[in-house]
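See below for the structure under consideration.
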Amino acid sequence: MCCPELVRSIPAASTRADDRHDAALAVPPEAVGRLRRVCDLTHALTPDFPVFPAYRPFRSTRLFSVEANGFSAGEVAYAEHTGTHLDAPAHFFADGATADVLPVGRFVAPLAVISIAERAAKDEDALLTVDDLAQWERRHGRIPAGAVVALHSGWEARLDQPGRFLNADAMGVMHAPGFSREAAEFLAHERDVAGAATDTLSLDFGPSLSYDAHRVLLGSGRYGLENVASLDRVPPSGAVIVVGAPKHAGGTGGPARLLALY
């Protein structure tokens, strides 16, 4: 999914106070000049892409064709939390910010990728811990202000067998890695992150019924990114993520196009 295109420019930052529409970048200006590659972190939406059991799969209908109508157009339908997508605070909180009003200054952000893939290969319910965050910081420095912290578990390798991606046991309980509550609290209260991301279906580990990572991170005004692709193709530090977030009024989230620049 990675492409060798040169990154020629990024728009200059704005000084407007209302960063829901126009805002300064969180990325240091000196970092912009070093960016040379683009990697797509987005899975294509298809009817086969696994979704949380409460949702219906993605649907696409061809309405017009070039042969019959002189132009081609279709209609798509999907739950907000389908494919590679964003979770807004409103996903878990009635008074939380909806996707359309999240500040745009948080959608271009430093990307910190923390891999627990080796551990997840042995423990399907592995958690990203505060110790994992501390180890990352010992190697790469403090998590940058305004960063998106991404959990890489290697889970996307299971997508060729969607049942293994959902990974439900005989009782219907799903199993997959996620953020621990303590790690979520550390990111929400000890570091000024824009959001958190994961290559699994949920920020929380599969069996969770309390959704602690969602509640802590979204409850502090951060956003979540789920079903993120190709985290193994970008460096653990130094990349920038561009979040093409959904903007339908009142949205609790929605499919997003994610690009990593590095």
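Data overview
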read-out: Carbon/sulfur fraction of accessible area - the chain, other protein chains in place, 1.4 Å, %; value: 54
read-out: Cα centroid of region 173-206 to Cα centroid of region 104-121, whole Å; value: 10
read-out: Peptide ranges 146-154, 58-66, 88-96 listed from the most packed, as the mean C-beta count within 10 angstrom indicates; value: 146-154, 88-96, 58-66
read-out: Additional length obtainable on full extension of the chain from residue 247 to residue 145, 0.36 nm per residue less Cα span; value: 34.3 nm
read-out: Heavy-atom accessible area per residue - region 71-193, 1.4 Å, Å²; value: 45
read-out: Rounded to whole Hz, the Karplus (6.51, -1.76, 1.60) HN-Hα couplings of region 98-109, x for glycine and proline; value: 8, 4, 6, 10, 4, x, 5, x, 8, 8, 10, 9
read-out: Cβ-defined net charge surrounding residue 262, 11 Å radius [Lys, Arg +1; Asp, Glu -1]; value: +4
read-out: Cα centroid separation, region 212-250 to region 63-101 (Å); value: 17
read-out: Amide H within-cut-off set for residue 225, under 5 Å, with H built and near neighbours excluded; value: 87, 196, 197, 198
read-out: Peptides 42-53, 99-110 ordered by average Cβ neighbours within 10 Å, highest first; value: 99-110, 42-53
read-out: Cα-Cα separations in region 162-262 greater than 17 Å, expressed as whole percent; value: 58
read-out: Cβ-Cβ FRET estimate between residue 220 and residue 24, R0 fixed at 22 Å, reported to 0.05; value: 0.55
read-out: Cut-off 19 Å, label 7 Å out along Cα→Cβ of residue 210, residues of region 74-95 by amide N; value: 92-93
read-out: Debye, to nearest 20: dipole size of region 180-262, +1 on Lys, Arg Cβ, -1 on Asp, Glu Cβ; value: 320
read-out: Amide H contacts of residue 25 (H built 1.01 Å from N, under 5 Å, at least 5 apart or other chain); value: 13, 14
read-out: Charge dipole magnitude, Cβ of K and R +1, D and E -1 - region 120-262, Cα centre, debye nearest 20; value: 500
read-out: Interchain or long-range residues, amide H under 5 Å from residue 257's placed H; value: 244
read-out: Estimated vicinal HN-Hα couplings, Hz - region 193-198 in sequence order (Karplus 6.51, -1.76, 1.60; Gly, Pro = x); value: 8, 7, x, 10, 9, 8
read-out: Chain lengthening between residue 77 and residue 101 when straightened (0.36 nm per residue, less Cα-Cα); value: 6.4 nm
read-out: The chain pair-distance distribution - Cα-Cα, 5 Å bins, rounded %; value: 1, 6, 13, 17, 19, 17, 12, 7, 4, 2, 1, 0, 0
read-out: Environment charge at residue 229 (Cβ cut-off 10 Å; Lys +1, Arg +1, Asp -1, Glu -1); value: -3
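The values are calculated or read from the model by the stated rules, or taken from the named source; none is laboratory data. Predicted model only: the values in this text are computed from it and were never measured. Glycine also receives a Cβ, built like all others from the backbone with ideal geometry; neighbour counts cover every protein chain displayed. What goes into the accessible areas is simple: the full protein's heavy atoms, side chains included, and nothing from ligands, DNA or RNA. Shrake-Rupley method; radii C 1.70, N 1.55, O 1.52, S 1.80 Å.
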